[in-house]
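Written out below as structure tokens is the structure these notes cover.
Readers should treat all values here as calculations from the given coordinates under stated rules, not as data from a laboratory. No experiment lies behind these values; they were computed from the predicted model shown. Using ideal geometry, Cβ is built from the backbone for each residue, glycine included, and neighbour counts are taken over all protein chains shown.
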Protein chains: 2
Amino acid sequence: MSEPSAKKARTTPPYTLVYWPTLPGRGEFVRLVLEATATPYTDICNGPKPDHGPVMDALNSDTNPAFAPPLLKVAGEGKDGAELVLYQTPNILLYLGEKLGLAGSEEGDKWAVNAYALTALDLNNEAHDTHHPIANILYYEDQKEEALKKAKNVREIRIPKFFSFFERVLKSNEKAGQGKHLVGEKLTYADTTLWHVLNGLQHAFPKEIEARKPDYPLLFDTFYPAVEEQEHLKRYLASERRLPYGQGIFRHYPELDRQ
Amino acid sequence: MSEPSAKKARTTPPYTLVYWPTLPGRGEFVRLVLEATATPYTDICNGPKPDHGPVMDALNSDTNPAFAPPLLKVAGEGKDGAELVLYQTPNILLYLGEKLGLAGSEEGDKWAVNAYALTALDLNNEAHDTHHPIANILYYEDQKEEALKKAKNVREIRIPKFFSFFERVLKSNEKAGQGKHLVGEKLTYADTTLWHVLNGLQHAFPKEIEARKPDYPLLFDTFYPAVEEQEHLKRYLASERRLPYGQGIFRHYPELDRQ
């Protein structure tokens, strides 16, 4: 009796990510946690053909209402062995962080990991708003004038504020983390989340970030390369599963970068 | 030997909230959870005189770096009996929700509670951005033109999208929650968080919300009054501890409301 389910466990990963296809987007924060731990998962919208269907189905569900993707479905972990359906990026990270050992080693670590991941996600949102400061549903071109003002504020005020904060966090944890980790002495989902935001910002604002890097040596000389050199992440980042930036959160409009 | 600490437990509450004084702000989401459970706490910046000092000290700390308030300090719950310092609103809610019994009754509930609280906080952020779409550090008057556009989008597109989502959540949980609770059959921090956002939106956009209420009967006829009638919350909301809205997240600028 146990053979079929054991077989199923080997061939069907319990984790299914539901996120808009062809883009890293907010789904990427979930992918990085799964990839860093070499955890099998199905990226359901990025099959042989890009498929928006699973996102639309999830958003229209009347039993597990979700406001926006990403969602994570976990086979067998819901009530009475049903599928557990999680949504909201920080919520999914929290769940996977605990399950996959990316929430820190000591009991109290998980609160710091969660706080820093939430802060990195706040910066992610601000990066998005540089090109869409007025309305999601309007084209960039229809809010370009406002985007120029917003991007100037984010580049000149917000980015340095976030970077100097994270530099201080790395410094405060330098004894354990050696500048490579925000919390404790090993990789957490706060690290993977911040890493992706830093990567995206370099795509969106290459000149601005290049000019600011020297002010944050732990962040850019130690932390950033350490995360991308992690064994599984290195392999993932070189693979086709790592999707290119496009018309998502991090966009390169040269006019929004430092001139 | 146990008398002094028992005495201390009675006279010094373990919870200290650190948030800008005189405003509900993001500190209010934390206050509501503490108040709903009649949990003693010290609102350190709102003593006899408003005091910004504890916020500034917390933001400048090199041992527990925090990007922004609110923070929650919990005596004795950190490593080796030290103070535990939590920051990021959703992180504090998650911690208190579990400690104080506001994270749902069943094991899986906590993920839904967290997701809905995060979604209500997203709406809270969008409400803030209606009057500060370009930069936090500029006055409203210096971004008023952009604020008029942003507020129109939030009022006409975003608010209905969020309201219809939460109406669907209440409907999906109607059997257990009777329209009074987003998850399960009793109050959670998702309920208190959403309630405050609805309260704030009615302060900021009274005409807009009044016009839209009839479209969301569970949300406004059942859920909203049920939360504010909860025994402890009712007493709190009538007290001086409930601070008036001012120059915070929810501001009433008549020109940003429906005309």
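Partner shielding of A:149-158 amounts to 3, given as the average count of beta-carbon atoms from other chains within 10 Å of each residue beta-carbon. Counting pairwise Cα distances across chain B, what percent come out greater than 31 angstrom? In whole percent, the long-distance tail amounts to 27. Once a ≥ b ≥ c are taken as the square roots of the eigenvalues of the Cα gyration tensor of the range A:2-100, is the result rounded (a/c under 1.5), prolate (a/b larger than b/c) or oblate (a/b not larger than b/c)? In terms of gyration-tensor shape, rounded. Normalised by the number of residues in the range B:2-100, the average gap of Cα pairs under 8 Å and 6 or more apart makes the relative contact order 29 percent.
Estimated from helical segments only, the mean residue ellipticity of chain A at 222 nm is -14500 deg cm²/dmol, where each DSSP H run of four or more residues counts as -39500 (n - 2.57). For the range B:105-195, applying the loop criterion from DSSP together with a ceiling of 16 other beta carbons within 10 Å to the chymotrypsin sites (Phe, Trp or Tyr not before Pro) yields B:Tyr139.
Mind telling me which of A:Pro24, A:Pro14, A:Pro214 comes out most flexible in a GNM of chain A, alpha-carbon contacts under 10 Å? The residue that fluctuates most here is A:Pro214. Considering only A:Gly25, A:Gly179, A:Gly78, the Gaussian network model of chain A with Cα springs below 10 Å gives its largest mean-square fluctuation to A:Gly78. The charge dipole of chain A, taken about its Cα centre with unit charges on the Cβ atoms of Lys, Arg (+1), Asp and Glu (-1) only, comes to about 300 debye.
Considering every Cα-Cα pair within the protein assembly as shown, what fraction, in whole percent, is farther apart than 43 Å? When all Cα pairs of the protein assembly as shown are counted, 13 percent exceed 43 Å. Computed from Cα atoms, the angle from the helix B:159-172 axis to the main principal axis of chain B rounds to 70 degrees. For chain B, the relative contact order comes to 20 percent (Cα pairs under 8 Å, sequence separation of at least 6). Placing a label point 7 Å from the Cα of B:Arg235 along the Cα-to-Cβ direction, the distances to the matching points in the other copies come to 5.9 nm, shortest first. Computed about its Cα centre, the charge dipole of the protein assembly as shown is approximately 20 debye, with only Lys, Arg, Asp and Glu carrying charge at their Cβ. Once both labels are positioned 7 Å from their Cα atoms along Cα-to-Cβ, the gap between B:Leu100 and B:Glu174 label points is 3.1 nm. How far, in degrees from 0 to 90, does helix A:89-100 lean away from the longest principal axis of the Cα atoms of chain A, to the nearest 10? Computed tilt is about 60 degrees. The GluC sites (Glu not before Pro) of the range B:28-92 meeting both criteria, a DSSP state outside H, G, I, E and B (loop) and at most 16 other C-beta atoms within 10 angstrom of the site's C-beta, are B:Glu83. Which angle between 0 and 90 degrees, to the nearest 10, do you get for helix A:2-11 versus the longest principal axis of chain A when only C-alpha atoms count? Tilt relative to chain A: about 20 degrees. Take every Cα pair under 8 Å whose residues are at least 6 apart in sequence, average their separation, divide by the length of the range A:149-235, and the relative contact order is 29 percent. GNM on chain B, alpha-carbon springs under 10 angstrom: the most fluctuating residue among B:Gly81, B:Gly27, B:Gly101 is B:Gly81.
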